Amino acid sequence: MKGIIKPYQMKGRVLIIVILFGIISLFCFSFFAKVVRVKFVEIDFVLKRLEIQKEAQVEIPYTIAKVDVQRRLGSDVKPDPRCLFWATTEVGRGWTNDSEDRDFFIDYYIPLNKKAMICTTPALAAALIAKRHEKPLLYKVYPTEDGFHVRIVEGLSEVREPCKNWTGNVDCADPILSRQGVVRYKP
């Protein structure tokens, strides 16, 4: 009689498996889902800075207009359902060419006159909050003919060495890093 499984024992095992699968799915969703708003893109501030650059550009005509925005994280960091439903347009990603400290970046497009925000995974949001005194959130805004090009600089150059040691490829973490942050704009 030891080999026979009784129906009530089977239901308990199935319930435990379903609960464990749900917990694992929730963990994976929270790791890869960009559900935490960390900052609104400050378009008014950017426009003021671009106007100042435009006035100074008369003397140096071949400069590229861009605004670097470094902000400490504050009360903006919280889960926001708009991070799941607002539109996004990724235009590129990669590593900066700085030989001393290469940073991972993701580029996005925002149309003119659209409210935009930066959303991250809970893991990146926690890392940004933990490092907020050392290194503020950095994003760069470049004007285009019909909107803005926004670059989120994630940093995280320290992952390149372990990648090289474990896999032989310094860019092995790129697929994971590219899922950590997103710029979303109101459709």
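Remarks
Residues checked against (1) outside any loop (DSSP other than H, G, I, E, B); (2) open to solvent by 10 Å² or more (accessible area, probe 1.4 Å); (3) out of contact with any Phe, Trp or Tyr (no Cβ under 6 Å at 6 or more places or on another chain); (4) at pLDDT below 80:
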{"site": "Pro143", "(1), (2), (3), (4)": "yes, yes, yes, no"}
{"site": "Val150", "(1), (2), (3), (4)": "yes, no, no, no"}
{"site": "Val159", "(1), (2), (3), (4)": "yes, yes, yes, yes"}
{"site": "Val182", "(1), (2), (3), (4)": "yes, no, yes, no"}
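- Test: Arg49 is of a type outside the set (Asp, Glu), modelled with pLDDT of 80 or more and at negative phi: yes
- Failed condition for Cys119, given (1) open to solvent by 30 Å² or more (accessible area, probe 1.4 Å); (2) in contact (Cβ under 8 Å) with a residue 60 or more places away in the chain: (1)
- Applying the criterion of being modelled with pLDDT under 90 and outside any strand (DSSP E or B) to the residues of region 86-111, the residue that is nearest to Ile176 (Cα to Cα) is Asp103.
- Every listed requirement among (1) modelled with pLDDT of 70 or more; (2) open to solvent by 70 Å² or more (accessible area, probe 1.4 Å); (3) within 29 Å of Ile118 (Cβ to Cβ) is met by Ile23 save one, (1).
- For region 68-121, the set of residues classified as of a type in the set (Val, Ile, Thr), under 21 Å from Asp44 (Cβ atoms) and touching a Phe, Trp or Tyr at 6+ places or on another chain (Cβ under 6 Å) consists of Val69, Ile110, listed by residue number.
- Any chance Asp98 is within 11 Å of Val38 (Cα to Cα) and out of contact with any Pro (no Cβ under 8 Å at 6 or more places or on another chain): no
The values are calculated or read from the model by the stated rules, or taken from the named source; none is laboratory data. For clarity, every value in this text was computed on a predicted model and none was experimentally measured. As a convention, Cβ positions derive from the backbone with ideal geometry for all residues, glycine included, and neighbour counts pool all protein chains shown. Remember, those area values only see protein heavy atoms, side chains included, never the ligands or the DNA or RNA. Shrake-Rupley method; radii C 1.70, N 1.55, O 1.52, S 1.80 Å.
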